[in-house]
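See below for the structure under consideration.
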Number of protein chains: 2
Amino acid sequence: MSANTDQEAALRIASGRKPFVEPLRLGERLKEIRLANQWTLEDVSQRTGLARSTLSKIENDQISPTFTAVQKLIGGLGIDLPQLLSPPKPQSRTFGRRDLTRTGEGQQHPTPTYEHELLSWQLAQKRMIPFKTIVRARSFEEFSEWVRHDGEEFLIVLEGTIRLYTEFYEPLELERGDSIYFDSDMGHALVSTSDHDAVVLSVCTRGDAS
Amino acid sequence: MSANTDQEAALRIASGRKPFVEPLRLGERLKEIRLANQWTLEDVSQRTGLARSTLSKIENDQISPTFTAVQKLIGGLGIDLPQLLSPPKPQSRTFGRRDLTRTGEGQQHPTPTYEHELLSWQLAQKRMIPFKTIVRARSFEEFSEWVRHDGEEFLIVLEGTIRLYTEFYEPLELERGDSIYFDSDMGHALVSTSDHDAVVLSVCTRGDAS
DNA sequence: AAAATTAATTTCCTATAGTGAACCGACATG
DNA sequence: CATGTCGGTTCACTATAGGAAATTAATTTT
């Protein structure tokens with residue numbers, strides 16, 4: 001009866017997947033905030049304009065609130081989203097999260113020029129995004145635009161050799177084992193200079209605020 | 001026809017409340033992100049598991065996505081909530097940093113059990129610390145204490161096979177190509193289970209305090 | 001202890017989010 | 001120009017979130 005957790009769990013089991021600490025317990029957190037302020041469901045209902053029953057169901061993970069409902073919550077309770085989402089009790093941690101990804105079991109994201117495989121994708125709230133990329137492109141001309149995203153990126157060549165183009169600099173030839181660290185809001189692009197496709201591992205930082 | 005603004009406004013007036021929450025146009029922002037990456041609705045559908053039609057309606061503020069839908073969005077697009085909610089960023093820097101490290105040219109830090117090679121060590125002010133480690137240890141007994149440090153760690157096996165011990169969990173056997181992401185304040189330790197030394201690549205987050 | 005009070009849950013119904021399929025331009029290609 | 005096909009919107013339908021009221025659980029009152 002829990003909102004979407006069952007089917008997801010089923011999926012996870014079906015696909016032989018493991019641990020995963022993921023879905024941030026929004027309901028739990030809401031209840032925590034409510035109790036901390038000694039509010040009753042009725043109080044919160046007054047403040048947010050949501051029905052008591054609805055609030056109860058949200059707290060018990062029986063429904064997944066619509067985004068407008070979430071907005072009413074944060075508006076009515078005078079909190080902000082990160083507060084509502086941040087997992088309860090960040091300080092006194094008595095456990096740790098971990099998420100294993102076996103070779104080839106990442107989340108695949110194919111594009112014409114690259115083939116990305118997102119690693120550790122089952123773990124939410126990460127500060128880094130790791131992924132493997134198969135580099136198909138063979139010439140710079142295949143790109144219409146620079147790749148560009150906030151933050152920093154670390155990259156190491158796992159297979160083959162590549163040429164890394166970056167804005168403001170000369171292209172670099174990277175061989176297997178070579179690595180590079182750069183500001184990823186600087187335009188960049190990769191091509192394989194091997195006869196076969198090259199494989200690189202990247203780790204990006206993720207914009208914070210939480 | 002707009003997803004929630006009308007009723008919310010009415011409510012606010014009726015209850016004499018002040019508008020805390022900016023009426024953040026989630027749909028608009030989503031479309032922005034989608035176009036910035038040159039994704040079609042179909043692409044996003046693939047990544048998130050949401051229907052094309054649903055995405056279209058979200059973008060046009062015809063529906064208010066359920067929170068599980070929002071989670072699928074941020075999961076599938078590899079972004080986080082603040083990013084999805086905050087309006088576009090001022091951008092365009094006029095330079096960028098980069099630091100190349102050729103194979104074996106990192107800064108060496110030998111210890112009895114591990115041999116660390118710090119990568120991109122010439123670049124200061126990084127948000128991530130990448131390094132290669134040659135794992136010499138062959139049994140858990142060689143450790144007197146858990147390794148433990150603030151933040152998060154991503155690790156992938158480059159050569160050989162290892163066993164990863166972590167607090168709170170069972171040990172894991174990792175083969176070449178397998179990777180794992182974990183909270184590094186949770187105690188952890190590595191041993192090689194190959195006949196030769198194993199090599200792993202790690203990336204740690206850096207505490208913003210230091 | 002029964003009755004009254006208060007807070008959370010559950011029920012049952014309605015409103016709406018989510019889906020697949022059909023539908024529309026806008027561009028190709030023959 | 002017919003004929004694809006590609007990206008997006010709309011439609012008809014199903015699944016589920018949200019609300020009003022009944023139910024349950026726990027306290028307090030008399």
How much net charge surrounds B:Arg34 when only other residues with a Cβ under 13 Å from its Cβ are counted (Lys, Arg +1; Asp, Glu -1)?
-> -1
Which distances in nm, rounded to one decimal and ordered from shortest, link the label point of B:Gly151 to the equivalent label points in the other identical copies, with labels set 7 Å from Cα toward Cβ?
-> 1.3
Inter-copy label distances at B:Arg206, 7 Å along the Cα→beta-carbon direction, one decimal in nm, shortest first?
-> 2.1
Quick one: A:Asp195, B:Asp197, fewest Cβ neighbours within 10 Å first, how do they rank?
-> A:Asp195, B:Asp197
Residue-by-residue Karplus 3J(HN,Hα) for region B:41-48, coefficients 6.51, -1.76, 1.60, Hz, glycine and proline x = 4, 4, 4, 4, 4, 4, 5, 9
Write down the radius of gyration of region B:107-205 and its Dmax, each obtained from C-alpha positions, in Å.
-> 12.8, 38
Euclidean distance of C-alpha centroids, region B:135-192 and region B:46-60, integer Å | 39 Å
So what J values fall out for region A:26-38 if you push phi through Karplus, 6.51 cos²θ - 1.76 cosθ + 1.60 with θ = phi - 60°, rounded to Hz, Gly and Pro as x?
-> 5, x, 4, 5, 4, 4, 4, 4, 4, 5, 4, 9, 6
How far is A:Thr111 from itself in the other copies, in nm, if each label sits 7 Å out from Cα along the Cα-Cβ line, shortest first?
-> 3.8
Backbone HN-Hα couplings from phi across region A:171-178 [Karplus 6.51/-1.76/1.60, Hz, Gly and Pro as x] | x, 10, 8, 10, 9, 3, x, 6
Take the cross-link list A:Lys132/B:Lys72; A:Lys57/A:Lys126; A:Lys31/A:Lys72; A:Lys132/B:Lys57; A:Lys31/B:Lys31 and give me the ones stretching past 23 Å between alpha-carbons.
-> A:Lys57/A:Lys126; A:Lys132/B:Lys57; A:Lys31/B:Lys31
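Since every read-out is calculated from the coordinates, none of them should be taken as a lab result. Computed from a predicted structure; not experimentally measured. As a convention, Cβ positions derive from the backbone with ideal geometry for all residues, glycine included, and neighbour counts pool all protein chains shown.
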